[in-house]
Structures are given as C-alpha cells and as structure tokens.
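The values are calculated or read from the model by the stated rules, or taken from the named source; none is laboratory data. Nothing here was measured: the structure is a model prediction, and the numbers come from that model. Backbone-built Cβ (ideal geometry, glycine too); neighbour counts: all protein chains shown.
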Amino acid sequence: MKRRTLGQGLEVSAEGLGCMGMSEFYGAGDDTESIATIHEALDSGVNFLDTADMYGPFTNERLVGQAIKGRRDEVVLATKFGNQRGEDGSRIGINGSPEYVLSACDASLERLGVDVIDLYYQHRVDRSVPIEETWGAMKSLVDAGKVRYLGISEASSETIEKATRCIPSRRCKVSTHCGHATQKTAFSRPVDASELASLPTAHLVEAFSRMRPRRVTTRRVTFEVATLDSLATRSRRTFRS
C-alpha cells in the first residue's frame, strides 16, 4: 500500500477508511461486520481510519475503538469535534468554544480507548468564536500529549491562515481537511505548503460508505476505494467560513 505524507510528517496510507456509515446515515449497521471490515482494511495495508464524535452520535468512536483494540500501533486515527450533538441524537449546533474543545477531546479519547489521537480536526468552523481561541485550545491538547496533529474542515484560506498563526510550526503539525472543496478553493490565498496538506476526506467517506455492513462478510470484504491522487480534482463545491 502506497503512503502519503500530510502536513509536516503525518504518514498515512493512500487509501483511507471513513467509518461514518457504519453507525449512522446509511441504514442499520452491524457492529460485528463493521469491525470485520476495519480489520480487513488493516490487513490490506489501510492504516488511516476516520471517525467523529457526532457520528452515531458517539457510537462510531466506540466502534472504532473496539475494532483497533490490540492493533493501535497499526492505525493512524483521526476524529473530529465541533458538530455538537446530544445523547438522544439531537443536533445542538456548531461549537468551537475552548471549553468544549477540551471536553470533547477527553470524551473522544475515552470512547476510542486510546491515550492519544493522531489527527484531531475541527469538523466545522464556529463563526461565533474567534478561530484563534478555538485553535489556542487545540494547541493545548498537543502540548498535553493528547493529540499529535491538528486539522480543520471546510474552512476558507483566510480561516486556515489565522488558525496556523496560533501555533509554532515546529511544535504543532497541521493538516487541512477540505471536505468537498478543491485544493484550489481551499488555498486561493498563500498558505505555507510546509505546514498544510489537503485531504479530501469527504469523498473518501462517501466512497467507503458503500462498504455497508450488510454487503460484507466476516472473512471477505469487497472494497470500493479511491486514492487521494484520484480524488484531488473531483469536487466542484466550495465553502466559506
């Protein structure tokens, strides 16, 4: 399996597994088959797993945590915060407050059953909170050893620039998650290429969501995959933040 380097040194497999559809949005899931799918992906050389606290909500992180138990060293683990939901599935709203950043990370660590998150994304930009405050809290998570790399999802180039100014480039690693946006859209203004890498994960999630639990078996899984190279120019939607 080929590898790609994101940002300042986060090495991931060229193909990644978005786990969202295993817990929500695509019908009833089957945890046994979903875990088998994750194990098959790892056995095939896929090491990049993507989840978020809002998927389920919360149940997808628990599922991924269960699947990687005993195999943590094989996984580059990404999860996200910012789309706040209640235990009953209600949507509370976008939250980028420093207090929420810290509490959300601690909750994700517990659900995933890990000591550190490899890539922690801001899932959506909270326009009511200065990005500098949100990223100041995210930086503190790196300083505390709870997170290795930071990311941001569906943000404008201006927002990305403001966020990266909050952190010393030698101490906090940064990766951007463009969602459906193209690299050109995401970086329409100058951004230090040594600190940023584009990751069109939304398309990865869409591609991998086709591996619904009802379509796989424990011993054999048919993957429908898309590489970062092939996805880089597929999207036409743009976002502002």
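Observations on the model:
- Qualifying position, being of a type in the set (Asp, Glu) and closer than 16 Å to residue 121 by Cα, among 30, 53: 53
- Answer residue from segment 14-30, given it is part of a strand (DSSP E or B) and of a type outside the set (A, V, I, L, M) and is nearest to the chain's Cα centre (by Cα) among those: 18
- Within segment 1-17, tally of residues that are crowded, with 17+ Cβ neighbours inside 10 Å and hydroxyl-bearing (Ser, Thr, Tyr): 1
Yes or no, residue by residue, for (1) modelled with pLDDT of 95 or more; (2) surrounded by 20 or more Cβ atoms within 10 Å (Cβ to Cβ); (3) over 18 Å from the mean Cα position of the chain (by Cα):
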site	(1), (2), (3)
38	yes, yes, no
43	yes, no, yes
49	yes, yes, no
63	yes, yes, no
72	yes, no, no
97	yes, no, yes
102	yes, no, no
116	yes, no, no
127	yes, no, yes
